[in-house]
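The values are calculated or read from the model by the stated rules, or taken from the named source; none is laboratory data. Just so we're clear, the structure is a prediction, and the values are computed from it rather than from any experiment. Don't worry about glycine lacking a Cβ; one is built from the backbone with ideal geometry, like all the others, and counts go over all protein chains shown.
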Ligand SMILES: Cc1cc2nc3c(=O)[nH]c(=O)nc-3n(C[C@H](O)[C@H](O)[C@H](O)COP(=O)(O)OP(=O)(O)OC[C@H]3O[C@@H](n4cnc5c(N)ncnc54)[C@H](O)[C@@H]3O)c2cc1C
Ligand SMILES: NC(=O)c1ccc[n+]([C@@H]2O[C@H](COP(=O)([O-])OP(=O)(O)OC[C@H]3O[C@@H](n4cnc5c(N)ncnc54)[C@H](OP(=O)(O)O)[C@@H]3O)[C@@H](O)[C@H]2O)c1
Ligand code: FES
């Protein structure tokens, strides 16, 4: 197979040889070692039914406990989960007031900082969120870092209920030696970089190599691959940041390998994104035929979505293309490939004299059939992006947190052992699911909260001051909240900056500059 | 385009159902990828041509409204300001599957061809059935008069995998 030759020619070697040369200074080569496994399927679905028995203490006053005072609900995080939860509560209870607290001066979470710039349609959902934010019973308070500027306990005192919807801001680690070496980035940081997340603006990824390896085969991996491979004149018309655009314009990356530890039938990306890759202008696929052995037969009994996805994968990888597609592929200057059954073992920086300093290398364990032989495969590469998932963190020690699953333990959004505390979105389920999934799980949490208000589990008998009692604390701590109308100022500066250069938006890249616009 | 026309007609911003104020200006930067956008194409119909549509909402409530031939079911939901939570998040651009509707067998057969792109998004929909379609891709015609479109219930466990 062409791809194999291309990728592996003359580069087979053992891991130890490279390890021995570590830390010798001079010119470095980076490579990752992979265990090559065949026929192994690992199930990772997190068990949702995290049942730990009953923990709700129904208030002494029982059903009669709720009174006429208006429920004040605080939501932490303004991503899809925050907004969909707010929407559901406001709509269902005409007396409820909802305040959304956000760490950044700008709202919408991953819709702004995650969703790929070349997917503007997905961001239409911002119109929906904007309507919620502008509702008379909803307030947005940005630039408030919950856990630092105000504690969850303080919020619980000020509100009848608190919903944690702060998403998943960290990334999973591969847990292999060398993953922190220069030239290895997490997809979370890389995505944050091209999407203008203030904390990622110093990333400055080195794109001067020929081959990039992306570890993981989910939709985030494909987003990253598309950004690395897309013709610049396409990206130019998106809201990708200008520094990222300039770096990508100079990028030397010509080949992107998207590497997974399981097989084609278990691939994590979805079909729309795969179809996009297959049609990506200026690129052609180049896969290893051996990875697809036996797949056609295995497909017989799988459900329709998985079947269609795998069939498209097979078609893209193996089918002889029609004339038009052949011509398209022959003109392509960039190459992408999925590689399967390869589990990363090690990233190594190796001294490599006589070669351009940016040339780096990848290595695989090589396994025949389903037996682990420990053999290694090497691929030279200069950029490694680990896209194996996001991860929620604990923002306040008073909140129960399951550090193994990296979620707040909950039943239908009710945080275990803490009455009046809820969670929704990725913090509730773990970092999987599209916006529609997040929407459903947020409605579900809102429903639990509404039920608890109706039953008196959430005590509404005493009135709560809400933001009024928080604002004093913030002032004392020197924190200036950003309102939704302030965000609209930022929004209008960004859109007019974008308009001037033919982009839908040019994002402001630092919190400081955002605040300058607000306080002007 | 019917959707765009619908948007222009729309001036209110009730929270019960979101209106699509900005969609008329939505650029289609993604078009280079799918090579097609899926707004509905229709003509301004005569009043008498109205098509009756029954929606069964998540709570089982039946909502009966009228739409015009050429309009999509998403257009109808917007025009009639129907209270279906979260419906049409991507505003008819085939990027969300929140407009998922379930039809009766015989109606489903009359709905016309499903494009690969619709099928791709449909495959991600909650509670997918053999007679599921995306509301933003289904256009009304006189022959569909009286159709029943069921909004699927949202599933309590959000971690529905691709394999259902
Ligand atoms: C790279 C990427 C691309 C994606 N693309 C798509 C796509 O094209 N289509 C699709 O349907 N889905 C997409 N998704 C999935 C989608 O983004 C998620 O389903 C959704 O954003 C999860 O919502 P959330 O509100 O739980 O988290 P988030 O969107 O992450 O929102 C969390 C919010 O909480 C805030 N926050 C964090 N900490 C604090 C704190 N201490 N105090 C106050 N606020 C805080 C954050 O700043 C953020 O605004 C993508 C995801 C990623 C990672
Ligand atoms: N366009 C879109 O709609 C869009 C865009 C971006 C993101 N999203 C959504 O956002 C969610 C998150 O996306 P994601 O790509 O971050 O996550 P994901 O879909 O869960 O994919 C994670 C990938 O990392 C692999 N992986 C995990 N741990 C690993 C390890 N230790 N070693 C090697 N590989 C490992 C997984 O392989 P295994 O399968 O073997 O575990 C999988 O290929 C998804 O639900 C996605 O659909 C949607
Ligand atoms: S409205 Fe998003 S797919 Fe139909």
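I'm trying to understand the selection: among the residues of the stretch A:89-117, which are under 26 Å from residue B:78 (Cα atoms), within 11 Å of another protein chain (Cβ to nearest Cβ) and within 14 Å of ligand 2 (Cβ to nearest atom)?
A:111, A:115
Applying the selection to the stretch A:417-435, what residues are closer than 12 Å to residue A:81 by Cβ and at the interface with chain B (Cβ under 7 Å from one of its Cβ atoms)?
A:429, A:433, A:435
Search the stretch B:102-132 for residues being outside any helix (DSSP H, G or I) and more than 14 Å from chain A (Cβ to nearest Cβ), and hand back the single one that is surrounded by the most Cβ atoms within 10 Å (Cβ to Cβ).
Looking at the filtered set, the residue picked out is B:103.
In the stretch A:441-463, is there at least one residue being within 14 Å of chain B (Cβ to nearest Cβ) and within 16 Å of ligand 2 (Cβ to nearest atom)?
Yes - at least one qualifying residue is present in the stretch A:441-463.
Is it the case that residue A:178 is within 15 Å of ligand 1 (Cβ to nearest atom) and crowded, with 18+ Cβ neighbours inside 10 Å?
Answer is no for this residue.
Answer yes or no as to whether residue A:489 is away from every other protein chain (no Cβ under 14 Å) and either in a helix (DSSP H, G or I) or at positive phi (or both).
Answer is yes for this residue.
Would a scan of the stretch A:426-447 turn up a residue that is surrounded by fewer than 20 Cβ atoms within 10 Å (Cβ to Cβ) and either part of a helix (DSSP H, G or I) or not assigned by TED's automatic domain parsing to the domain that holds residue A:82 (or both)?
Within the stretch A:426-447, one or more residues are surrounded by fewer than 20 Cβ atoms within 10 Å (Cβ to Cβ) and either part of a helix (DSSP H, G or I) or not assigned by TED's automatic domain parsing to the domain that holds residue A:82 (or both).
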